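The block underneath contains the structure these notes are about, expressed in structure tokens.
The values are calculated or read from the model by the stated rules, or taken from the named source; none is laboratory data. The shown structure was predicted, so the numbers you read here are calculated from the model rather than taken from an experiment. Here the Cβ positions follow ideal geometry from the backbone for every residue, glycine too, while neighbour counts run over all protein chains shown.
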Amino acid sequence: MAVSVDLLSNPIFVLGSFLVLFIFHNYIHKEPQHGKKYHPTATTLLQPLINYKKLHDYMTSLAIRYKTYRVLSPFHGMIYTTDPVNVEYMLKTNFNNYGKGYYLPSVTSDLLGEGIFTVDGDKWREQRKVASQEFSTKILRDYSSVTFRNNTIKLGEILSQAADSNQIIDINDLFMKLTMDSIFKVGFGIDLDNLGGNEEGVRFSLAFDDANNLIYKRFYDPSWRIKKFFNIGMEAELKTNLKIVDDFVYKLIQTKIEQMQMSKDESLFKKDDILSRFVEVHHNNPKYLRDIILNFVLAGKDPIAISMSWLIYELCKHPEIQEKVAKEILEALNMKNEEITDVADFMARVSDSALEKMPYLHAALSESIRLYPALPMDPKVSFTDDVLPDGCNVNKGDVVTYMPYAMGRMKYIWGDDALEFKPERWLDQDGCYRPESPFKFTAFQAGPRTCLGRDFAYRHLKIIASVVLGCFAFKLRNEKEVMSYRLSINVHVEAPLQVYVSRRSVFQNP
Ligand code: HEM
């Protein structure tokens with residue numbers, strides 16, 4: 001029987017955890033070995049649990065005191081770092097010692113299986129090789145551009161209607177639908193049409209998002225395996241969502257395999273989408289294809305939607321920056337003195353060369369990603385005893401987590417204005433974009449496992465932003481509201497992000 005229990009608002013769970021942790025903490029935790037230097041212990045696992053809803057800010061507040069610290073846990077050593085020197089060491093210099101290990105896959109495998117996000121060694125190398133080949137092809141670049149452009153036009157039409165009827169919209173919801181539709185089309189060649197309200201697409205998307213959130217809760221709920229065994233609480237919910245996700249994806253794979261087998265004339269069957277290419281090689285292994293699909297959806301969908309939402313939020317909080325971004329877009333599109341009535345006509349002007357002429361928009365996007373990195377914390381397991389460059393020891397099996405969210409807020413990394421939204425920090429004196437070290441700006445990870453979709457993401461973010469910010473102006477429904485995040489694997493805005501939208505003077509009602 002399924003019983004729905006919200007773990008962290010359950011006082012019995014919290015008190016029980018406190019007791020268990022207290023006992024473990026005092027009697028069982030393996031103390032660091034004598035004579036070796038270890039990072040300072042900032043707190044016990046209980047505090048992050050109590051501060052769960054504001055977890056990233058809580059971890060940031062500890063990082064202000066200690067660049068790198070330990071959190072006492074009865075299960076394994078837990079080290080958290082914001083120090084770029086340690087990050088470079090983990091992600092590049094001693095890359096082979098820090099991986100997903102046992103920890104992350106054991107928690108996420110029900111959703112992500114053996115996809116690129118959960119594996120190490122040869123399994124990772126093989127998927128990385130195939131995926132990097134895909135990302136470097138012109139076919140993918142062109143196909144994904146067309147897809148994102150078409151879906152952005154649909155979004156523009158929805159925004160036009162909202163502007164004309166003075167309707168408040170949840171822009172975060174629309175970005176989530178836009179990216180789900182686009183990633184599905186690029187990844188699997190099908191039109192999910194969440195933006196158009198297709199029921200099956202919406203059902204899959206909701207189940208996928210819920211499964212993602214529930215999987216994240218496992219990291220902070222030591223009792224999840226028991227709940228899974230008895231199929232109760234959040235584990236029962238997760239099981240239901242996973243079934244919807246799996247049914248949908250396996251049906252998709254089956255249809256794709258059949259279509260490819262039935263297509264007698266190879267050239268008649270279009271293989272622009274990524275799944276078709278994987279099916280050619282792995283048609284006998286639907287589970288492998290399922291894992292590839294879900295990892296690709298997770299990689300591509302949420303980070304783009306999240307980055308757009310936080311950008312709009314910050315631009316509403318800083319109207320002068322919103323105007324500056326819009327001015328740059330319209331100048332790059334040569335649209336100072338013209339009027340347009342159709343979103344598709346506007347989009348036709350967003351050429352590759354025009355996108356190159358938008359360094360301020362690029363800087364504003366980086367600034368939003370610096371403060372709200374899609375992946376706020378990234379844990380790695382140490383495979384051997386090791387010493388970090390700061391001279392402190394790491395024991396075999398310790399989980400070392402670098403924290404892009406906290407790193408984006410460190411004054412010792414970004415200066416005294418670290419907390420301010422300031423695109424100018426990314427520009428040199430000639431107004432050209434100036435990239436930062438990936439060990440300081442860690443939102444895309446760094447080293448051999450750096451994000452494969454970084455250029456893809458910036459390109460599509462700029463396509464969406466050109467139309468959305470070139471044609472429309474945004475205002476928060478409640479201008480005083482300070483938006484927080486919702487906890488899940490990614491740092492989502494606490495939905496809904498309600499805004500008023502109005503047409504800019506270049507974009508007139510026909
Ligand atoms: C603003 C947008 C994005 C951000 C901030 C971002 C961030 C990241 C991060 C932090 C990782 C490392 C995760 C880990 O520890 O395993 C990663 C990996 C990856 N990302 Fe992105 N990502 C973005 C967009 C995309 C997009 C649009 C795609 C593809 C459509 C993509 C594809 C990948 C892939 C395939 C990996 C796995 C790399 C590997 O393990 O070798 N990313 N990304």
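The table below lists the values:
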{"read-out": "Filter result (aromatic (Phe, Trp, Tyr) and closer than 23 Å to residue 57 by Cα) within the stretch 404-442", "value": "405, 412, 414, 421, 439, 441"}
{"read-out": "Flag for residue 177 being surrounded by 18 or more Cβ atoms within 10 Å (Cβ to Cβ), away from the ligand (no atom under 14 Å from the Cβ) and at pLDDT below 95", "value": "yes"}
{"read-out": "Residue within the stretch 151-161 that is within 10 Å of the ligand (Cβ to nearest atom) and of a type in the set (A, V, I, L, M, F, W, C) present", "value": "no"}
{"read-out": "Qualifying positions in the stretch 36-67 - assigned to a loop (DSSP other than H, G, I, E, B), among the charged types (D, E, K, R) and surrounded by fewer than 14 Cβ atoms within 10 Å (Cβ to Cβ)", "value": "36, 37"}
{"read-out": "Qualifying residue in the stretch 314-335 (condition: within 15 Å of the ligand (Cβ to nearest atom) and either modelled with pLDDT under 95 or within 18 Å of the chain's Cα centre (by Cα) (or both))", "value": "yes"}
{"read-out": "Matching helices (runs of 4 or more DSSP H) fully within the stretch 101-186 where at least 1 residues are touching a Leu at 6+ places or on another chain (Cβ under 7 Å) and among the acidic types (Asp, Glu)", "value": "103-112, 121-135"}
{"read-out": "Yes/no for residue 304 being closer than 23 Å to residue 140 by Cβ, modelled with pLDDT of 95 or more and within 16 Å of the ligand (Cβ to nearest atom)", "value": "yes"}
{"read-out": "Members of the stretch 71-105 found to be over 20 Å from the mean Cα position of the chain (by Cα) and of a type in the set (Gly, Ala, Ser), listed by number", "value": "73, 77, 101"}
{"read-out": "Residue in the stretch 196-218 that is touching a residue at least 12 places away in the same chain (Cβ under 8 Å), surrounded by 22 or more Cβ atoms within 10 Å (Cβ to Cβ) and hydroxyl-bearing (Ser, Thr, Tyr) present", "value": "yes"}
{"read-out": "Pair list, Cβ < 6 Å and 6+ apart or interchain, from the stretch 156-171 residues that are in contact (Cβ under 8 Å) with a residue 24 or more places away in the chain and within 13 Å of residue 471 (Cα to Cα) to residues that are among the hydroxyl-bearing types (Ser, Thr, Tyr) and not in a helix (DSSP H, G or I)", "value": "163/502"}
{"read-out": "Residue 190 vs. criteria surrounded by fewer than 19 Cβ atoms within 10 Å (Cβ to Cβ) and in contact with a strand residue (DSSP E or B) (Cβ under 9 Å, 6 or more places away or on another chain)", "value": "no"}
{"read-out": "Index of the failed condition, residue 383 passing every other in (1) within 16 Å of the ligand (Cβ to nearest atom); (2) at pLDDT below 95; (3) over 21 Å from the mean Cα position of the chain (by Cα)", "value": "(2)"}
{"read-out": "Whichever residue in the stretch 453-492 is among the aliphatic types (A, V, I, L, M) and farther than 23 Å from residue 361 by Cβ and, among such residues, is farthest from the ligand (Cβ to nearest atom)", "value": "482"}
{"read-out": "Any hit, the stretch 392-399, residues being surrounded by 17 or more Cβ atoms within 10 Å (Cβ to Cβ), within 16 Å of the ligand (Cβ to nearest atom) and touching a residue at least 40 places away in the same chain (Cβ under 8 Å)", "value": "yes"}
{"read-out": "Failed criterion for residue 221 (all others in (1) part of a loop (DSSP other than H, G, I, E, B); (2) crowded, with 17+ Cβ neighbours inside 10 Å; (3) without any contact (Cβ under 8 Å) to a residue 60 or more places away in the chain hold)", "value": "(3)"}
{"read-out": "In the stretch 376-391, the residues that are buried (at least 20 other Cβ atoms within 10 Å of the Cβ) and assigned to a loop (DSSP other than H, G, I, E, B)", "value": "376, 388"}
{"read-out": "Unmet requirement for residue 65, which otherwise passes all of (1) among the basic types (Lys, Arg); (2) under 24 Å from residue 393 (Cβ atoms); (3) within 16 Å of the ligand (Cβ to nearest atom)", "value": "(3)"}
{"read-out": "Single unsatisfied condition, residue 408 versus (1) within 30 Å of residue 39 (Cα to Cα); (2) touching a residue at least 40 places away in the same chain (Cβ under 8 Å); (3) within 16 Å of the ligand (Cβ to nearest atom)", "value": "(2)"}
{"read-out": "Residue satisfying condition, being of a type in the set (Asp, Glu) and under 22 Å from residue 501 (Cα atoms), within set 142, 181, 164, 191", "value": "164"}
{"read-out": "Scope the stretch 105-150; condition within 11 Å of the ligand (Cβ to nearest atom), over 30 Å from residue 220 (Cα atoms) and of a type in the set (Phe, Trp, Tyr); matching residues", "value": "135, 148"}
{"read-out": "Verdict on residue 413 being within 16 Å of the ligand (Cβ to nearest atom), touching a helix residue (DSSP H, G or I) at 6+ places or on another chain (Cβ under 7 Å) and not polar (S, T, N, Q)", "value": "no"}
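To keep it simple, each residue is scored yes or no on (1) in contact with a Leu (Cβ under 7 Å, 6 or more places away or on another chain); (2) buried (at least 21 other Cβ atoms within 10 Å of the Cβ); (3) outside any loop (DSSP other than H, G, I, E, B).
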residue: 328; (1), (2), (3): yes, yes, yes
residue: 331; (1), (2), (3): no, no, yes
residue: 336; (1), (2), (3): yes, no, no
residue: 345; (1), (2), (3): no, no, yes
residue: 350; (1), (2), (3): yes, yes, no
residue: 355; (1), (2), (3): no, no, yes
residue: 365; (1), (2), (3): yes, yes, yes
residue: 369; (1), (2), (3): no, yes, yes
